[in-house]
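To start, the structure under review is shown below, and the notes come after it.
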Amino acid sequence: MRKVHFLIALCVVVLDRLAKLVVERKIPLHDGIQIIPGFFRLTHLENRGAAFGLFADSPSPWKIGALVLFSVIALVVVSTLLWKNSHTLSITGVGLSLILGGALGNLWDRLTAGHVTDFLLFYVGPYQWPAFNVADSAIVVGATLLVYEILFTKSSAGEKVKS
């Protein structure tokens, strides 16, 4: 099963890279293409901060190094957990695989360009969610799967043991 889990992570990285390359080549920086008027557009933004633009305005010269270091530590932890828990195909394994692929995709950008390319922008009227990308989506879906597993699957198994 390890091969399947790492294949999932690889697919996330490949999809993320392809999507970012298309956006970078087809949409000028800070421009966009309206997909669903009043709700969704493809845009081309460079995020020099963390997730959803956190710390993007920080002038600290250590920002990129700190973000890369945090990403590497997260990759080591997630890879170790995935290696230990990848004997069967499970929600936990898929969640960790998605997180691993997403983290690798964004780390790739930081190491090669010093920023992450974001392009998915959802909004309603003047309210908008910060732009994000395929890697961010994979991380959020993976984390959601892990939370689901912790809250619902593990607790129902514990209840069966108690009865």
Efficiency of FRET from Cβ geometry, residue 144 and residue 10, R₀ 25 Å, rounded to 0.05: 0.75
Full-stretch length increase - residue 34, residue 75 - with 0.36 nm per residue and alpha-carbon distance subtracted: 11.3 nm
Label-reachable residues, segment 115-144, where backbone N falls under 20 Å from a point 7 Å from residue 151's Cα toward its Cβ: 137-144
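Every number in this text was worked out from the coordinates using simple rules, so none of it is lab data. Since the structure is predicted, the reported quantities are computational estimates derived from the model, not experimental observations. Glycine also receives a Cβ, built like all others from the backbone with ideal geometry; neighbour counts cover every protein chain displayed.
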